[in-house]
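This report refers to the structure that appears directly beneath it.
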Amino acid sequence: MESTRRRGFTLVELLVVIGIIAVMVGILLPTLNRARRAARSAQCLSTVRQLGIGFIMYSQQHRRSIPYYSTDDATGLWLGQLRSVYSRVDSSRICPEAWEPVETSASTNRTGTALNCWGPSNLNFINKQTGSYGINGWLYYYSAPPATIRRGQPSNDPVAGVLNYPHDERDWYKVPVTKRTADVPVFADSIWVDSWPRPDDEVPTNLNLGYYNNSPTAGRSMMGRFCIARHQRAVNVCFADGHAATVPLPELWRLQWNPRYRPPAKLPKMP
């Protein structure tokens, strides 16, 4: 009886199979990466919405907004204030796309990037905390001493303090907000803890770094703290009515950041 010999793969056939697998991986990998980023963006949208709900709970309980850089709470900042009404705030302060702080030497300000959270910092009001979101500064309630300083007085506005932009108390929201709540941003993806956007703000030249500095020589762009390419070319924003949405970067200039905010006639172009 003649024995049969089992024929295996030749080297050429094996290389063809490996090549086909490599091509399939090359085709599928970008799709899988996009799917993962979409999933993280959806998770971030849910997270920032929880912060917005916490803000609504706070404003309803206290009948006013969060104090400006309050140190009354041991943890300080808006994070510490929200903890009094929303115990799970610490699970809602980090975007899954920007959970790791920037590696830097010891400094006072530890700003984030599109893919890094801000903090920790030696600043007392941050108290070594980290986060990926910033609050719309025009929603703060100024209760810091001296007692003669009223809510919204220009001396409390760091933008006015640096560049002397004129405004008055009408630029600040009275919380709870009752008008156009679906257009008023509360929290958004950010490189810093807060911001005071204006319609003439500049677009950051680098959408990964955003824009932190505000000075007569460096220019100014408070909007630049939010204008970062964290979710492709968009950021997640929660609004005063409790809903959250993914906002393309140019559309940030259309939002109602303060009561007298008027969008520019032409939206800025992104780099």
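The values are calculated or read from the model by the stated rules, or taken from the named source; none is laboratory data. Note that the coordinates shown come from a computational prediction; the quantities given were computed from them, not determined experimentally. Cβ atoms come from the backbone with ideal geometry, glycine included; neighbour counts cover every protein chain shown. Surface areas here come from the heavy atoms of the whole protein model, side chains and all, with no ligands, DNA or RNA. Shrake-Rupley method; radii C 1.70, N 1.55, O 1.52, S 1.80 Å.
Structure above, values below:
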| quantity | calculated |
| --- | --- |
| Per-region count, region 123-159, residues at pLDDT 75 or above and in a loop (DSSP other than H, G, I, E, B) | 10 |
| Those residues of region 42-61 which are open to solvent by less than 70 Å² (accessible area, probe 1.4 Å) and either among the aromatic types (Phe, Trp, Tyr) or out of contact with any Cys (no Cβ under 9 Å at 6 or more places or on another chain) (or both), in sequence order | 42, 46, 54, 55, 56, 58, 59 |
| Test: residue 81 is modelled with pLDDT of 85 or more, under 23 Å from residue 241 (Cβ atoms) and open to solvent by 70 Å² or more (accessible area, probe 1.4 Å) | no |
